[in-house]
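Below: the structure, in structure tokens.
Nothing in this text is a laboratory measurement; each read-out follows from the coordinates by a stated rule. These numbers were taken from a predicted model, which means no experiment stands behind them. With ideal geometry, Cβ positions are generated from the backbone for all residues, glycine too; neighbour counts draw on all protein chains shown.
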Amino acid sequence: MGKRKRAKELRRLEERALDPSASYPDIDAALYARFRSTGAAGQLAPTVKEALGIPAVNRAVTMLSTIAATLDLNAYRAGDRIQPDPPLVARPTKGIPPGRFTRDSVFYMACYGETIWLTTERYAEDGSPASIVPVPPTRLRSDWNGVQHDWYTLDANGKRKGLDPRDVNQVTLLMDPDTGRGIGPMQLCGAALNVAIEADRWAARYFAGGGMPSVFLEATGILGGDEPQTIKDQWLHDPPNMPKVGANITPHVLNHNPEQAQLVTSRAHSRGDVALMFGISGRLLEAPVGGTSMTYTNVGDLATELVRLTLAPYYLEQIEQAFSDLLPRGTVARYDVEGFQRADPATRWKIYEQAAKLGVLTAEQIADRELIEMEADQAAPAPVALPAPTPLMGRVG
């Protein structure tokens with residue numbers, strides 16, 4: 001094989017080593033992926049797909065996105081709930097459940113640090129959005145001038161197709177000032193994710209690859225030629241429990257520590273790192289929590305903490321602000337998180353017990369408060385009238 005043909009074959013093999021399901025928006029990203037495929041990626045951040053292969057990361061991202069999907073998005077004007085909700089609020093994306101819109105938006109923010117909504121339909125009368133779709137951030141490219149993006153996509157032939165900036169809404173967790181694109185835990189904490197990935201790979205290789213040998217055969221003399229292989233073949237020829245007979249060979253049983261073999265301590269530490277990355281309580285990720293006086297926390301308290309300290313300020317608030325910009329002036333969108341703000345029944349009754357002992361509340365007042373709690377989710381605020389929706393324009397793009 002000639003040198004040129006051999007070099008071409010090597011390039012073909014290298015290109016095949018890249019992830020075929022990934023997209024590389026520019027030459028820098030392609031070179032980065034090529035460098036990863038050479039095995040010299042110890043200092044580089046893993047891909048989103050690799051990071052989601054870590055059980056703790058998968059659980060964190062799934063937890064955030066699926067809990068967010070259970071929350072109702074409502075519209076308000078001057079502090080009053082609008083009933084019924086505007087069509088865009090009731091179903092942001094035509095043809096899919098409203099919870100999926102929120103789930104996908106939070107999922108992309110957790111994985112890529114941003115979610116991008118593409119407006120696919122508008123009302124003919126005023127041009128306001130009638131349907132918006134969360135799209136994977138990797139599908140859209142942009143040129144950033146430090147203030148705004150010039151959004152575009154590439155077709156199968158690599159031809160650039162520009163997008164109307166009015167049809168693209170970017171919601172970021174954090175923003176990279178150099179590119180204007182979103183960045184999140186997976187992009188910023190690559191070193192910690194690499195540790196977790198390599199620990200899992202070590203454990204998988206240990207057991208899938210046969211682990212360590214259970215017996216070491218020590219010869220009292222010097223072996224040469226094919227003697228070591230011959231002795232090993234003879235040892236393996238008989239069933240494992242059959243007594244072995246050999247001259248000048250001493251067997252030694254090798255004991256291994258399963259915890260060390262699986263890097264249990266390191267992998268548990270990685271779960272704590274993932275909890276810190278995403279701002280989630282270690283208890284929700286089965287991470288060991290030490291040095292704390294808290295001995296018991298019920299599921300309701302953990303769920304409330306997750307929503308109050310992580311989901312609401314990091315994700316929901318950004319989505320609410322961006323969504324409100326798509327609604328008529330004076331109308332805002334808010335997620336209903338009241339169910340997570342109320343104390344659980346056991347906690348409420350402890351408070352009632354103390355309040356009754358102090359004479360602050362009577363039995364009748366306690367009963368009234370519990371009745372309010374029971375009816376809170378069913379209470380319907382006074383409706384605010386909205387104009388009827390106008391006919392749709394054609395599909396964008």
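Tabulated values for the structure
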{"quantity": "Placed amide H near I183: partners under 5 Å, 5+ positions off or other chain", "calculated": "L173, L174, M175, D176"}
{"quantity": "Theoretical FRET efficiency, 1/(1+(r/R0)^6), r = Cβ-Cβ of D178 and T153, R0 22 Å, to 0.05", "calculated": "0.55"}
{"quantity": "Kirkwood hydrodynamic radius over Cα pairs of region 213-255, then Stokes diffusion coefficient at 4 °C and 1.567 mPa s, in µm²/s", "calculated": "116"}
{"quantity": "Mean Cβ count within 10 Å, highest first, over the residues of peptides 109-116, 90-97, 52-59", "calculated": "109-116, 52-59, 90-97"}
{"quantity": "Computed lengthening from E227 to K357, 0.36 nm per intervening residue step minus Cα-Cα distance", "calculated": "38.1 nm"}
{"quantity": "Point-to-point label distance, L371-D238, nm (Cα→Cβ direction, 7 Å offset)", "calculated": "8.6"}
{"quantity": "For V133, residues with placed amide H under 5 Å, excluding near neighbours", "calculated": "L118, T119, T120"}
{"quantity": "Net charge over other residues, Cβ less than 14 angstrom from the Cβ of R100 (K, R count +1; D, E count -1)", "calculated": "+1"}
{"quantity": "Separation of the H252 and L217 label points, Cα + 7 Å toward Cβ, nm", "calculated": "1.6"}
{"quantity": "Karplus (6.51, -1.76, 1.60) ³J(HN,Hα), θ = phi - 60°, over region 133-147, in Hz, Gly and Pro reported as x", "calculated": "10, x, 10, x, x, 5, 7, 10, 10, 7, 9, 10, 9, x, 10"}
{"quantity": "Packing-based order for 171-179, 354-362, 129-137, using average beta carbon neighbours within 10 Å, highest first", "calculated": "129-137, 171-179, 354-362"}
